[in-house]
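Working notes for the structure below.
The values are calculated or read from the model by the stated rules, or taken from the named source; none is laboratory data. Keep in mind it's a predicted model, so treat the numbers as computed, not measured. No Cβ is skipped: glycine too gets one built from the backbone with ideal geometry, and neighbour counts run over all protein chains shown.
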Amino acid sequence: MSRVLGVVLVLFSLGACAQSAQSDGDGKKENLNVQEVSQLVKDNPEVVLIDVRTPNEYQQGHLEGSELINFYDPQFKEKVAELDKEKEYVIYCRSGGRSANAVSIMKKMGFSNIHNMTGGMLAWDRAGLPSEK
């Protein structure tokens, strides 16, 4: 039994690694760590930052210039549909779960130049990167 559990853990780890290295068909990475996001925003001020947390979470601290679109809002898809599909987006949340789901939804809606910030605001804060309240 422990051998089976070990194999399952190894396969799970490999799947997680594959997800973190996932890229779009044009070679752009879908998942970016906080350092990559920080550099992307410095290099390209046209990148749109979307925070998919709740308004209360957003008030506690967010990335400068980010737009709040609450993932739990019943109008989430309608609000996302109003965005320009030609722009480049970085989606983030608290830890990376909601943002990964949001990226998946947005890709199905036709967005192609979109990134998930892995680790979310927790990783951003741990890295000592600037945020605003």
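Residue count for the range 31-59, restricted to those that are exposed (fewer than 12 other Cβ atoms within 10 Å of the Cβ) and in contact with a strand residue (DSSP E or B) (Cβ under 8 Å, 6 or more places away or on another chain): 1. Taking the range 34-46 only, how many residues are within 12 Å of Tyr92 (Cβ to Cβ) and either touching a helix residue (DSSP H, G or I) at 6+ places or on another chain (Cβ under 7 Å) or at pLDDT below 95 (or both)? Result for the range 34-46: 1.
One residue stands out in the range 110-124 among those that are surrounded by 14 or more Cβ atoms within 10 Å (Cβ to Cβ) and over 25 Å from Glu78 (Cα atoms): the one that is nearest to the chain's Cα centre (by Cα), namely Gly119.
Of all residues in the range 35-66, those being among the acidic types (Asp, Glu) and closer than 15 Å to His115 by Cβ number 4.
Ala127 meets each of the listed conditions (1) without any contact (Cβ under 8 Å) to a residue 40 or more places away in the chain; (2) over 15 Å from the mean Cα position of the chain (by Cα) apart from (1).
A quick yes/no check of all residues on (1) more than 19 Å from Leu40 (Cα to Cα); (2) among the small types (Gly, Ala, Ser); (3) surrounded by fewer than 19 Cβ atoms within 10 Å (Cβ to Cβ); (4) within 14 Å of the chain's Cα centre (by Cα):
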{"residue": "Gly61", "(1), (2), (3), (4)": "yes, yes, yes, no"}
{"residue": "Glu64", "(1), (2), (3), (4)": "no, no, yes, no"}
{"residue": "Leu68", "(1), (2), (3), (4)": "yes, no, yes, yes"}
{"residue": "Phe71", "(1), (2), (3), (4)": "yes, no, no, yes"}
{"residue": "Gln75", "(1), (2), (3), (4)": "yes, no, yes, no"}
{"residue": "Lys79", "(1), (2), (3), (4)": "yes, no, yes, no"}
{"residue": "Gly97", "(1), (2), (3), (4)": "yes, yes, yes, yes"}
{"residue": "Val103", "(1), (2), (3), (4)": "no, no, no, yes"}
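All conditions in (1) farther than 16 Å from Glu36 by Cβ; (2) in contact with a Leu (Cβ under 9 Å, 6 or more places away or on another chain) hold for Gln75, with the sole exception of (2).
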